[in-house]
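To start, the structure itself, in structure tokens.
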Amino acid sequence: MSARGLFWIARARLRADRRGVLLDAAAACVGGAALVFFLALGLGVSAAARRMFPADARLVEVIPPVVSLRGVLGGEKLDDLAVGRLARIPGVSAAWPKLMLKVPVAAPQAPPGLAQSWPPGMTLQIPVLGVPPAMVADDVGGERFEDPGPGGTIPVVLSRRLLEVYEKTIAPAWNLPRIPPGVSLVGLEMPVRIGLSIVPGKGEPKVTPARVRLIGLSDRVPMYVMAVPLGTARRLHAEYGKEGIYTQVTLLASRPDDVPAVAATVHRMGFDVDEGDQAAAERVGAVVGVTAGALVLLSVVMCVLAALAIARSLSASVAGRVREIAVLQALGATPSDVRWVVLLEGGMIGLSGGVAGTFLAALVSLAVDAVALSLLPDFPFRPETFFAFPPWLPFLGAAVPVLAALAGALAPAAAAARVEPARTLS
Amino acid sequence: MISLSGVEKSFKDGAREIQVLRGVDLRVEEGEMAAILGPSGSGKSTLLHVAGGLDRDYRGEVSVAGKPLDRLGVRELARLRNETIGFVFQSFNLLPGLSALENVMLPGMLRTPDGEPPGAIRVRAMEVLERVGLLSKALAPPARLSGGERQRVAIARALFARPRVLLADEPTGNLDAFTGDEITRLFAEMARGGMAVLVVTHEERISRAAGRVLHLREGRLS
């Protein structure tokens, strides 16, 4: 029989039993809707968690050992030699040394144009971290992140998350104006004083005025520091007579799978691995993943129940129309045709339920978003939506109920194909 | 057109084997209407199912339109039933979920992919319905038709594929005398048009229209 004929007969059959079809499609719809809703929720919350903890799964943060006998004897210093050894670990594609500036830097006045948002008399002490240009190369939009030399405007990079924290926590707490939507702070310049500290006794005898210019925002910069070129940090250390040992080295593994082996080698070399951010991200990711996984499993169970409901319903339907099936065979259908008709009936039920379920899930997610956003207070990294609908999700939402319905239709279809027309029509 | 030679058929009833057909020989030619009479349970329907390729569990030789049924595969046999044989049943066997028109369209929709497009099938089904006088009821479901009308729809469905053979199983069994005569006249008309018509019945009146009447007793034709 032609596919067209099979569809025509299956559709006509479904039309004849609208009530049963609606019930079966409703079962498939609930399963599909639950699957799409929970998957979208899991993906949406995961995306929000990644924004909150933007840990790169390929990064390994190396720090000097907290306790070490060899340290007492002068080993495990994060110097250039150590950085070279770390860079040669198999699976490491880059090693970026970071140098916390020991010379205090403070901003006694606001950047030009932002004086109204600067509390009167405030001097802002700024922790400064020297990082190699390659580490933030993707975040500076082609600008040069290099030491400008004495007297030059120092390019700086801030954490992307710092702005979110400013917007949602610092600005409301200090009653400061928020950054207007669409306005970028990149390009902003600010006067600073190198050597100035607000802590008595911590300042340097020599205070040098300088200017910094924000050239980008990066997830690789720690939240509460201002990143300057490593060359600038080295120069200032030399200028102020400070020790130039790196505080941390960030290793970039070639693949996330290489990270455990890289971390193990780092430990064998006598260094520690700072798992603070990474561990937090992994914990949050694990909680979100396990919760979403459990909910998706629940929706898969619902799809299986829908398949069983469809199987029971189609079995009853086939048993109740053996005579019709025999007539179809008398008119020229083969047992295989009859099997396909029943499978198509199941498939069409699953498809209609799956499509309806996907729409239902989208509607419910919109409603949940609206309710959640109206009830939750504004906090840093609060997502605009708790759901994510990648393009493949609607297809999955339709495909899984179809597969479930087809699975449910297998046994009834086999039973239909076994109908003997001569015996049935006698 | 229809040829049965030495056909034997038996059923198992527990350990007992019941012989229904015992060496049946029959030929029905083009343009001939043959009637097989016999009481209920005499094996008339079984004979018709064997002749129509619905029952393959028999001994002997059966051929329709020159094709020996035992040498045809499942698909070829289904195609033969679709294109060459028309069936009419006592209880009409219309599909309740389809309209009269859709029931008539069924054989066309069941055809292999090289069949007519749905539009052409629909037009031809209307023509056949008109031929049996039911064009005005084309969109009615079987439940809204009288017994005679349902049987005429069933006949229209059997005629749709322009079959060369028509097999009818007690076609007037559920009809009143007037409607039964009308259906019988229709069969005779088809035979005159060149079709081989084989009707099994236990009613004497239908045999009056048949060119040849045979009796099935104890599994044998006489």
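Structure data summary
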| item | result |
| --- | --- |
| Residues located in segment A:280-332, provided they are more than 30 Å from B:GLY86 (Cβ to Cβ) and of a type in the set (Val, Ile, Thr) | A:VAL284, A:VAL287, A:VAL288, A:VAL290, A:THR291, A:VAL296, A:VAL300, A:VAL301, A:VAL304, A:ILE310 |
| Filter result for A:SER313 (in contact with an Asp or Glu (Cβ under 8 Å, 6 or more places away or on another chain), surrounded by fewer than 24 Cβ atoms within 10 Å (Cβ to Cβ) and touching a residue at least 12 places away in the same chain (Cβ under 8 Å)) | yes |
| Strands (runs of 3 or more DSSP E) enclosed by segment A:205-282 - at least 1 residues per element that are assigned by TED's automatic domain parsing to the domain that holds A:PRO108 and under 29 Å from A:GLY142 (Cβ atoms) | A:208-218, A:226-229 |
| Of all residues making up segment B:2-33, the number that are more than 18 Å from B:GLY173 (Cβ to Cβ), outside any loop (DSSP other than H, G, I, E, B) and away from every other protein chain (no Cβ under 11 Å) | 22 |
| Residue count, segment A:379-407 (criterion: over 29 Å from A:GLU164 (Cα atoms) and among the β-branched types (Val, Ile, Thr)) | 2 |
| Residue count, segment B:133-166 (criterion: basic (Lys, Arg) and without any contact (Cβ under 8 Å) to a residue 24 or more places away in the chain) | 2 |
| Options A:ASP274, A:ASP219, A:ASP258: the member that is under 14 Å from A:LEU59 (Cβ atoms), in contact with an Asp or Glu (Cβ under 6 Å, 6 or more places away or on another chain) and not β-branched (Val, Ile, Thr) | A:ASP274 |
| Tabulated pairs, segment A:402-424, first closer than 27 Å to B:LEU47 by Cβ, second small (Gly, Ala, Ser), C-beta under 6 angstrom, 6+ apart or interchain | A:VAL419/A:ALA326; A:PRO421/A:ALA326; A:PRO421/A:ALA330; A:THR424/A:ALA326 |
| Number of the condition not met by A:LEU78 [criteria: (1) of a type in the set (A, V, I, L, M, F, W, C); (2) farther than 19 Å from A:VAL228 by Cβ; (3) in contact with a Phe, Trp or Tyr (Cβ under 8 Å, 6 or more places away or on another chain); (4) modelled with pLDDT under 90] | (2) |
| Exclusive hit being crowded, with 23+ Cβ neighbours inside 10 Å, of a type outside the set (Gly, Ala, Ser) and in contact (Cβ under 8 Å) with a residue 12 or more places away in the chain, set A:LEU35, A:LEU6, A:LEU14 | A:LEU35 |
| Qualifying residue in segment B:58-66 (condition: loosely packed, with under 15 Cβ neighbours inside 10 Å and within 13 Å of chain A (Cβ to nearest Cβ)) | no |
| Qualifying residues in segment B:162-213 (those that are β-branched (Val, Ile, Thr) and over 16 Å from the mean Cα position of the chain (by Cα)) - the one farthest from B:GLY147 (Cα to Cα) | B:VAL213 |
| Qualifying residue in segment A:58-74 (condition: closer than 30 Å to A:LEU176 by Cβ, modelled with pLDDT of 80 or more and assigned to a strand (DSSP E or B)) | no |
| Qualifying residue in segment A:384-393 (condition: under 18 Å from A:MET302 (Cβ atoms) and either under 35 Å from the mean Cα position of the chain (by Cα) or assigned to a helix (DSSP H, G or I) (or both)) | yes |
| The one condition in (1) more than 14 Å from chain B (Cβ to nearest Cβ); (2) of a type in the set (Val, Ile, Thr); (3) out of contact with any Phe, Trp or Tyr (no Cβ under 8 Å at 6 or more places or on another chain) that A:THR334 fails to fulfil | (1) |
| Of all residues making up segment A:318-362, the number that are not charged (D, E, K, R) and not in a helix (DSSP H, G or I) | 4 |
| Residues that are facing chain B (nearest Cβ under 7 Å), assigned to a helix (DSSP H, G or I) and among the aliphatic types (A, V, I, L, M), drawn from segment A:1-26 | A:ILE9, A:ALA12, A:ALA16 |
| Residue satisfying condition, being more than 21 Å from A:SER184 (Cβ to Cβ), of a type in the set (A, V, I, L, M), assigned by TED's automatic domain parsing to the domain that holds A:SER184 and part of a strand (DSSP E or B), within set A:LEU129, A:LEU158 | A:LEU129 |
| Check on A:VAL419, over 25 Å from the mean Cα position of the chain (by Cα) and assigned by TED's automatic domain parsing to the domain that holds A:LEU298 | yes |
| Strands (runs of 3 or more DSSP E) (entirely within segment B:164-218) containing at least 2 residues that are under 18 Å from B:PHE92 (Cβ atoms) and among the hydrophobic types (A, V, I, L, M, F, W, C) | B:165-169, B:196-201 |
| Filter pass, A:GLY353 being within 27 Å of A:GLY5 (Cβ to Cβ), buried (at least 16 other Cβ atoms within 10 Å of the Cβ), away from every other protein chain (no Cβ under 14 Å) and of a type in the set (Gly, Ala, Ser) | yes |
| Count - residues of segment B:84-143 that are assigned to a helix (DSSP H, G or I), modelled with pLDDT of 85 or more and at the interface with another protein chain (Cβ under 10 Å from one of its Cβ atoms) | 8 |
| Positions within segment A:369-395 being surrounded by 17 or more Cβ atoms within 10 Å (Cβ to Cβ) and more than 28 Å from A:ALA173 (Cβ to Cβ), in sequence order | A:PHE387, A:ALA388, A:PHE389, A:LEU393, A:PRO394 |
| Unmet requirement for B:PRO171, which otherwise passes all of (1) surrounded by 23 or more Cβ atoms within 10 Å (Cβ to Cβ); (2) away from chain A (no Cβ under 14 Å) | (2) |
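The values are calculated or read from the model by the stated rules, or taken from the named source; none is laboratory data. The structure displayed is predicted, hence computed values, not measured ones. Note: ideal-geometry Cβ built from the backbone for every residue, glycine included; neighbour counts use all protein chains shown.
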